[in-house]
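The block underneath contains the structure these notes are about, expressed in structure tokens.
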Amino acid sequence: MEYYSNHISNLIEQLSSLPGIGAKSAQRLAFHIMNMPPDQVQKLAESMTDARNKVQYCKSCYTLTDQEECPICSNSDRDHRVIMVVENPRDLAAYEKTGKYNGVYHVLHGAISPMLGIGPDDIKLKELMQRLQNQDVDEVIIATNSSLEGETTAMYISKLIKPSGIKVSRIASGVPVGGDLEYIDEVTLLRALEGRVEL
Ligand code: ZN
């Protein structure tokens, strides 16, 4: 039996497909949306389709950007010989917020997780290796999370890069085990960066 109009049921169903939104929250959000002024709902819907349609991967570092190349990669004041490898754009943002890192990034969009069936081919690793072949790089700083997946990924990448002779380092363990970079304060992030160890 349908308690609500089909349109509302559909909205609830769509909202509950989002991560972290259970049935109850989806219902609450749906009814909140029903009470919003129509033009505000329009803006919300447009911001979602705009973000999804107009944002693309940067052709160099694979972060999300609305240009072909992101502002960091296209900035000639940045040190393009140092590449920090992060799991996602949120981690990139965390390091950018410190304002103390002047190199560039490479965004993997995930981490290797045998448990979840995520292998090296499922993240932007080939793209990193290609980049290292085409570009002069002095150091690759691996700043994946200190979770099991992050450590597995760091080890895998370091083994891949080592034979090339490029220096590979890992951010220090100032980052708590299992901690997501994006939730860690700037001082701790900087300490982890400065205390990085060569692999
Ligand atoms: Zn970029």
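The values are calculated or read from the model by the stated rules, or taken from the named source; none is laboratory data. What you are looking at is a predicted structure, and each value in this text was computed from that prediction instead of being measured. Note that we place each Cβ from the backbone using ideal geometry, even for glycine, and neighbour counts take in every protein chain shown. Keep in mind that these areas ignore ligands, DNA and RNA; they rest on the heavy atoms of the full protein, side chains included. Shrake-Rupley method; radii C 1.70, N 1.55, O 1.52, S 1.80 Å.
Would you call residue 101 within 16 Å of the ligand (Cβ to nearest atom) and open to solvent by 40 Å² or more (accessible area, probe 1.4 Å)? So residue 101 fails the test.
Looking across the stretch 44-86, the residues that are within 14 Å of the ligand (Cβ to nearest atom) and of a type in the set (S, T, N, Q) come down to 56, 60, 63, 65, 67, 74, 75, 76. Find the residue count for the stretch 41-95, including only residues that are among the basic types (Lys, Arg) and either open to solvent by less than 60 Å² (accessible area, probe 1.4 Å) or touching a residue at least 24 places away in the same chain (Cβ under 8 Å) (or both). Total meeting the criteria: 3. Considering every residue within the stretch 112-126, establish whether at least one is within 14 Å of the ligand (Cβ to nearest atom), closer than 27 Å to residue 165 by Cβ and not in a loop (DSSP other than H, G, I, E, B). Looking for residues that are within 14 Å of the ligand (Cβ to nearest atom), closer than 27 Å to residue 165 by Cβ and not in a loop (DSSP other than H, G, I, E, B), one finds none in the stretch 112-126, hence no.
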